[in-house]
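Take a look at the structure below.
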Amino acid sequence: MKIAIASGKGGTGKTTVAVNLALSLQDAQLIDCDVEEPNCNLFLNRELDQLTEVSSMIPEIVEENCTYCKKCSDFCRFNAIATIPNKILTFPTLCHSCGGCIMVCPEGAIQEHEIVTGIIRKTSGDDKKSPELYEGLLDIGQTMASPVISELKKNIDPGKTSIIDAPPGTACPVLTTLEDVDYCILVTEPTPFGLHDLKLAVEVVRTLEIPHGIIINRSGSGDNSVEEFCMNENVEILMKIPHDTKIAQLYSEGIPFVQEMGHWKEKFIQLYSSIQDRYSREIET
Amino acid sequence: MKQLVIISGKGGTGKTTITAAIASMTENAIIADCDVDAPNLHLILEPEIIDTSDFYGMEIAQIDSEKCTGCNICIENCNFDAIHTDHSINSCKCEGCGVCEYVCPENAIKMINNPSGSVFNSMTRYGPMVHAELMIGEEASGKLVTAVKEHAASLANENEAELIICDGPPGTGCPVIAAITGADLALIVTEPSLSGIHDLERIIQVTDHFRIPAIVCINKYNINEGNTKQIESSCEENGIMVAGKLPYDTVPNKAMIGKKTIIEYEDNEFSEKLRNIWRKVRSKLCEDQ
Ligand code: SF4
Ligand code: SF4
Ligand code: SF4
Ligand code: SF4
């Protein structure tokens, strides 16, 4: 079963929930899809091995064949190529790797050139106490997160339970992450900011028709508006994690709180079984 | 005119709360909410919308099923798997590159304008504000950030404003790059957790990469004083000034619930610390003249 952990925005405790839930389960996979800032391993602290590189194609101009006809730069909708009389320039960071310029060049003056935009890593060795972690990492200055996420998700083992840490926001990287998951846990805070971001996140999962429930983090630190919203909108509140200095302290040290506060493990296991009972789909063969 | 952008590497560090507080300490500034994926600043500043303009991100492909013969040439050439086998377009995946339009032998594909959000010019109790809303699943948030900044710049010219204050988006990707482009100073808000330190390192790589001067503010510093020391010394090594430290306190949440900035909410130790931070940020902004 694939369970994604999402929130309209970062900083609500999404990674905390993902890590603690994965640690509470036996033999789970943890998939860190927040490829701009993968943080799960800060809490697991495992050795990671590089599995693959994610690359994309950018054009490379063979200038001696170029007649400066401008067909490529006219075609490119991302301003990644500029032709000025007797000069042609490419701007690789703007390129979306559509391959169009190569198709339109009448002189065959454009070649494909592969660049690495990110990497996929996984925990090395076997550690039965800790979940198997896969993470994607987008290179600094690169903007295309979705291809890295798609590549990362290929590692999901349908025979296992996968806990997927989604990126923040409501844009394509989130949709790419949530595509085909069985259930989504939305993590929020009981504040006006938290409520506003939660509404956006609920809209996303409703659009995608993914069953979902809420975990309220730092419960008790704000007001009741999130609970009222959930009641009015018929959204299930799965769990409340209290506003607790011990939890904040452990978080700041990078220690998952289920490791120090054992009774939480039970709560996460119960949470998981209740979701599994109701939403787990038959595994296709 | 100067541009200050407040960023954090990740959400939840108190960036928006600090932006709102700064906005209430300045006069003659334009406020811009560049966190277009999940804007929050309007919840405190309660802008009154004066005018709204549609935002068009990328065009997307549209297939005319009357003309389509089902040859699949478009599907084979789309590098983004955006065309379903029934020859409809997945609007989330379509990058609007125009390749399918180019290769279709039947001229069955047209690129059409795709409204993907709105930009608002508004008025708040602290002056003009530009903010935006992105439709769910739209990727062009970097472009929308640029649109917000353009609106802010023209408002700044009209009003002869001295400063544009941008609440930046989280992360290190496209929207952040759009937000910091052209900024005179980035105020990075961080917190002393392991992940906070990690995010700070990543965001400093980004500001370095684009040569934007940076200054740091440590929020909730007393949650982990050891980590706070570590942040301070690594900032020192990197030649980045720490503008100040804010304690873990109930004040920000209380102010937020009351829809007030921390400065408006009440004069206390917390707001005094913030005033000091703003003084340092302001002198840093001026010194880089
Ligand atoms: S591959 Fe596409 S985006 Fe990149 S330069 Fe060529 S036309 Fe532009
Ligand atoms: S289309 Fe080919 S020949 Fe024409 S300007 Fe581009 S690279 Fe040169
Ligand atoms: S290339 Fe044109 S005709 Fe062929 S399947 Fe695509 S839309 Fe239809
Ligand atoms: S415009 Fe580009 S991305 Fe969109 S469907 Fe056509 S080929 Fe694919």
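Do we find that B:Ile223 is at the interface with chain A (Cβ under 10 Å from one of its Cβ atoms), without any contact (Cβ under 8 Å) to a residue 60 or more places away in the chain, touching a Ser or Thr at 6+ places or on another chain (Cβ under 7 Å) and open to solvent by 10 Å² or more (accessible area, probe 1.4 Å) in this structure? Steps first, please.
Values: at the interface with chain A (Cβ under 10 Å from one of its Cβ atoms): yes; without any contact (Cβ under 8 Å) to a residue 60 or more places away in the chain: yes; touching a Ser or Thr at 6+ places or on another chain (Cβ under 7 Å): yes; open to solvent by 10 Å² or more (accessible area, probe 1.4 Å): yes.
For B:Ile223, the condition - at the interface with chain A (Cβ under 10 Å from one of its Cβ atoms), without any contact (Cβ under 8 Å) to a residue 60 or more places away in the chain, touching a Ser or Thr at 6+ places or on another chain (Cβ under 7 Å) and open to solvent by 10 Å² or more (accessible area, probe 1.4 Å) - is met.
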Take the residues of the stretch B:49-72 that are assigned to a loop (DSSP other than H, G, I, E, B) and within 30 Å of B:Ala32 (Cα to Cα): which is least open to solvent (accessible area, probe 1.4 Å)?
-> B:Gly57
Single condition B:Gly244 does not satisfy, out of (1) open to solvent by 40 Å² or more (accessible area, probe 1.4 Å); (2) at positive phi = (1)
Can you find even one residue in the stretch B:83-98 that is within 16 Å of ligand 2 (Cβ to nearest atom) and free of Cβ contacts under 8 Å to residues at least 60 places away in the same chain?
-> yes
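Can you pull out the helices (runs of 4 or more DSSP H) entirely within the stretch A:178-274 that have at least 1 residues that are within 23 Å of B:Leu134 (Cβ to Cβ)? Let's see the steps before the verdict.
Numbers: elements: A:192-207, A:225-233, A:245-253, A:257-260.
Here the list reads A:192-207, A:225-233.
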One residue from B:Ile75, B:Ile89 being away from ligand 1 (no atom under 16 Å from the Cβ) and either more than 20 Å from A:Pro147 (Cβ to Cβ) or surrounded by fewer than 19 Cβ atoms within 10 Å (Cβ to Cβ) (or both) | B:Ile75
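Residue-wise test of (1) small (Gly, Ala, Ser); (2) within 12 Å of another protein chain (Cβ to nearest Cβ).
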position	(1), (2)
A:Glu233	no, no
A:Ile241	no, no
A:Lys246	no, yes
A:Gln249	no, yes
A:Ser252	yes, yes
Filter the stretch B:188-212 for residues that are more than 10 Å from chain A (Cβ to nearest Cβ), assigned to a loop (DSSP other than H, G, I, E, B) and open to solvent by 50 Å² or more (accessible area, probe 1.4 Å) and give the result.
-> B:Arg211
Mind checking whether some residue in the stretch A:65-72 is open to solvent by less than 60 Å² (accessible area, probe 1.4 Å) and either more than 16 Å from ligand 2 (Cβ to nearest atom) or touching a Phe, Trp or Tyr at 6+ places or on another chain (Cβ under 6 Å) (or both)?
-> no
For the stretch A:175-190, state whether one or more residues are in contact (Cβ under 8 Å) with a residue 60 or more places away in the chain, exposed (fewer than 15 other Cβ atoms within 10 Å of the Cβ) and out of contact with any helix residue (DSSP H, G or I) (no Cβ under 7 Å at 6 or more places or on another chain).
-> yes
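For the condition more than 20 Å from A:Lys129 (Cα to Cα), touching a residue at least 60 places away in the same chain (Cβ under 8 Å) and not polar (S, T, N, Q), what is the one hit in A:Val19, A:Val35?
Numbers: A:Val19 fails: more than 20 Å from A:Lys129 (Cα to Cα).
Only one candidate passes the filter, namely A:Val35.
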Of all residues making up the stretch B:170-187, the number that are more than 10 Å from every other protein chain (Cβ to nearest Cβ) and assigned to a helix (DSSP H, G or I) = 2
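Is it the case that some residue within the stretch A:189-209 is more than 22 Å from B:Ser195 (Cβ to Cβ) and more than 14 Å from chain B (Cβ to nearest Cβ)?
no
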State whether the residues of the stretch B:148-169 include one that is in contact with a strand residue (DSSP E or B) (Cβ under 6 Å, 6 or more places away or on another chain), closer than 30 Å to A:Pro147 by Cβ, within 14 Å of chain A (Cβ to nearest Cβ) and in contact (Cβ under 8 Å) with a residue 40 or more places away in the chain.
-> yes
Leading residue by the ranking (farthest from the other protein chains (Cβ to nearest Cβ)) among those in the stretch A:26-62 that are more than 17 Å from A:Ile119 (Cβ to Cβ) and among the charged types (D, E, K, R) = A:Asp27
Residues that are within 20 Å of B:Asp81 (Cα to Cα) and within 16 Å of ligand 4 (Cβ to nearest atom), drawn from the stretch A:95-117 = A:Cys95, A:His96, A:Ser97, A:Cys98, A:Gly99, A:Gly100, A:Cys101, A:Ile102, A:Met103
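The values are calculated or read from the model by the stated rules, or taken from the named source; none is laboratory data. Nothing here was measured: the structure is a model prediction, and the numbers come from that model. All Cβ positions, glycine included, derive from the backbone under ideal geometry; neighbour counts span all protein chains shown. Remember, those area values only see protein heavy atoms, side chains included, never the ligands or the DNA or RNA. Shrake-Rupley method; radii C 1.70, N 1.55, O 1.52, S 1.80 Å.
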